[in-house]
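The values are calculated or read from the model by the stated rules, or taken from the named source; none is laboratory data. Since we're looking at a predicted model, the values are computed, not measured. So basically every Cβ, Gly included, is an ideal-geometry build from the backbone, and we count neighbours across all protein chains shown. Remember, those area values only see protein heavy atoms, side chains included, never the ligands or the DNA or RNA. Shrake-Rupley method; radii C 1.70, N 1.55, O 1.52, S 1.80 Å.
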Amino acid sequence: MKKVVKYVVIVLLVIAALWAAMFFIRTNSKSAITYETKQPFISNIEKKTVATGKVVPVDEILIKPQISGIIEEVYLEEGVKVKAGDLIAKIKVVPNEQSLNQASGRVQNAQLNLNNAKIEYDRNKAIFDKGVISSQDFNTFQLRYNQAQQELSNARADYQIINKGSAAGSSMANTIIRATVSGTILEIPVKEGDQVIQSNNFNDGTTIATIADLSKMIFEGKVDEGEVGKLKVGAPLEISLGAINDKKFSAKLRFIAPKGVEESGAVQFKIEGDVNVDDDVLIRAGYSANASLVLETKENILVIPEALLQFDKSTDKPYVEVSVGDQVFERREVEIGISDGINVEIISGLTEADKVKVWNKTEPIKKNTEEESSKA
């Protein structure tokens, strides 16, 4: 009896082992792979590149003083729109002591000359009235007297300009800083109490304010030397701003630098584009931006999805696998042209009738996988 039980247990164990082996084999066996195919088709391709940069006003006007001194008062703030002639700031003049002393001396000399000329004029006028001297001689003394009066007036005006920054009664006082153009104040780098230097032939002078028209903006960016040769002035651009994500702006290429600058081992060329700014959109100067540029366009060409291409490891030449039967493929080398990152141009090697294998190295497409699993 014990032997019978022993044999029965052995048989059961063998059956269980066989069943487990069959289950393991079925659950781990791979089903047959069926590859999909796609046919080449006629389409258009635009090869684009992206240039990074920023948007800036076409012109930024620097307002500088015509006289040195100290900022007495600033009347406006950054971001305010101004018109030409609007008051921005006022300068308090701190005269040079030597120049002031010289101007004062010229006033005194002019006064002495005037006093002397008046004495001569009065004496000769009395003689002229009695008919002793001719009118020609009297006119000479009268001219000297008038010139002495004018010289004193000029000396006093010079003294006022050095002492206070402007002559008395002048409507264009050098101490008053006004906007020279209409626009928006981008920056006022000075504050009350700051010392400023006048603009002259030897010094740029201190900038009181920067003004620009924010409705006239340009894109400034750089492109690589391998792409600059394909650009043309007048080509369309599409501008994306980092600060305005939901809107794109059209632009037109206006400038391509004739000279490149080496940066990090690569030669870059500066480009500029006129940006079309809508009236209801405020673009601030210096916004970071990307410009999409069309380098090359081809229409009605034979293309395939770029993902179908494979490359030979030894020659790096492109090829595809073309269907020659039911799930039977042959390798065929192709010549490719431009690509937009999605589709690639096929110059030779394929026709519209060919069926190209869809290649996926990580997970090929399987057929009837679910049916085989259910049967198992």
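Would you call residue 119 open to solvent by 70 Å² or more (accessible area, probe 1.4 Å), over 30 Å from residue 188 (Cβ atoms) and in a helix (DSSP H, G or I)? Criteria met by residue 119.
When 119, 133, 71 are checked against the criterion of being within 43 Å of the chain's Cα centre (by Cα) and either of a type outside the set (S, T, N, Q) or more than 23 Å from residue 177 (Cβ to Cβ) (or both), 71 stands alone in meeting it.
Name the single residue that is least open to solvent (accessible area, probe 1.4 Å) among those in the stretch 249-273 being among the β-branched types (Val, Ile, Thr) and touching a helix residue (DSSP H, G or I) at 6+ places or on another chain (Cβ under 9 Å). Ranking the qualifying residues of the stretch 249-273, first place goes to 271. Taking the residues in the stretch 316-335 that are open to solvent by less than 60 Å² (accessible area, probe 1.4 Å) and not hydroxyl-bearing (Ser, Thr, Tyr) as candidates, determine which candidate is farthest from the chain's Cα centre (by Cα). Within the stretch 316-335, the match that is farthest from the chain's Cα centre (by Cα) is 325. Just one of (1) open to solvent by less than 20 Å² (accessible area, probe 1.4 Å); (2) within 30 Å of residue 120 (Cα to Cα) fails for residue 210. It is (2). Counting the residues of the stretch 200-214 that are in a loop (DSSP other than H, G, I, E, B), polar (S, T, N, Q) and under 30 Å from residue 283 (Cβ atoms) gives 2. If the condition is being assigned to a strand (DSSP E or B) and within 13 Å of residue 305 (Cβ to Cβ), then the stretch 332-347 contributes 336, 339, 343, 344, 345, 346. When we screen 322, 261, 294 for residues that are modelled with pLDDT under 90 and aliphatic (A, V, I, L, M), the only hit is 294. Going by the conditions given, is residue 276 open to solvent by 40 Å² or more (accessible area, probe 1.4 Å) and under 29 Å from the mean Cα position of the chain (by Cα)? Yes: the conditions hold for residue 276.
Of the residues making up the stretch 339-359, at least one is at pLDDT below 90, under 42 Å from the mean Cα position of the chain (by Cα) and open to solvent by less than 50 Å² (accessible area, probe 1.4 Å).
Spot the failing condition for residue 342; the list is (1) more than 30 Å from residue 39 (Cβ to Cβ); (2) touching a helix residue (DSSP H, G or I) at 6+ places or on another chain (Cβ under 9 Å), and only one is missed. With (1) more than 30 Å from residue 39 (Cβ to Cβ); (2) touching a helix residue (DSSP H, G or I) at 6+ places or on another chain (Cβ under 9 Å) applied to residue 342, the lone miss is (1). Provide a single number: the residues in the stretch 65-88 that are out of contact with any Asp or Glu (no Cβ under 7 Å at 6 or more places or on another chain), farther than 16 Å from residue 163 by Cβ and not in a loop (DSSP other than H, G, I, E, B). Total satisfying the criteria: 4.
For every residue, the table says whether it meets (1) assigned to a helix (DSSP H, G or I); (2) open to solvent by less than 50 Å² (accessible area, probe 1.4 Å); (3) without any contact (Cβ under 8 Å) to a residue 40 or more places away in the chain; (4) farther than 30 Å from residue 61 by Cβ.
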| site | (1), (2), (3), (4) |
| --- | --- |
| 90 | no, no, no, no |
| 103 | yes, yes, no, yes |
| 110 | yes, yes, no, yes |
| 114 | yes, yes, yes, yes |
| 124 | yes, yes, yes, yes |
| 137 | yes, no, yes, yes |
| 143 | yes, no, yes, yes |
| 150 | yes, no, yes, yes |
| 159 | yes, no, no, yes |
